[in-house]
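Down below is the structure, laid out as structure tokens.
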Amino acid sequence: MSVSDVNDFIRQNRAVADQVEAFRGHWESDKHWVPRREFILRNMNDFEGELHMDQLLSLSMVWANNVFLGCRYSTELLDKVKQMAEGIEVEDAPVFKTRDEIVKQQQQQQQHTLYIHTKTYLSI
């Protein structure tokens, strides 16, 4: 479902669109809401009923929090929401690094700097 498909669906199904629009958090920017709305619309048919809709909304927040804020969840849960979101395009999604990735990068930079200083010292 592309952005134009979502917009077509919304125009043709105004009542459903209004229902989904009510799920938008007041803190959500368009950049965050538009992909999350697409997530909800893509998966609504698999989560019919009020109880199941709450589950879908929770999964949509898990997906959005992971994509936009870098929140981490269990591998099983992330695999599920990533599968549900397959094909949703997010523009300018941030890239997050784990603490371990940052420490490893810093260690590599320190080793490289030490190598350069040692090489310079030995060539004098």
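Among the residues of the stretch 37-77, those identified as acidic (Asp, Glu) and modelled with pLDDT of 90 or more are GLU38, ASP46, ASP54, GLU76.
Looking across ALA17, ALA22, ALA64, ALA85, one residue alone is touching a His at 6+ places or on another chain (Cβ under 9 Å) and free of Cβ contacts under 8 Å to residues at least 60 places away in the same chain. It is ALA64.
Going through (1) part of a helix (DSSP H, G or I); (2) surrounded by 11 or more Cβ atoms within 10 Å (Cβ to Cβ) one by one, PHE96 falls short only on (1).
The values are calculated or read from the model by the stated rules, or taken from the named source; none is laboratory data. What you see is a predicted model; the values in this text were computed from it and never measured. Positions of Cβ are backbone-derived with ideal geometry, glycine not excepted, and every protein chain shown enters the neighbour counts.
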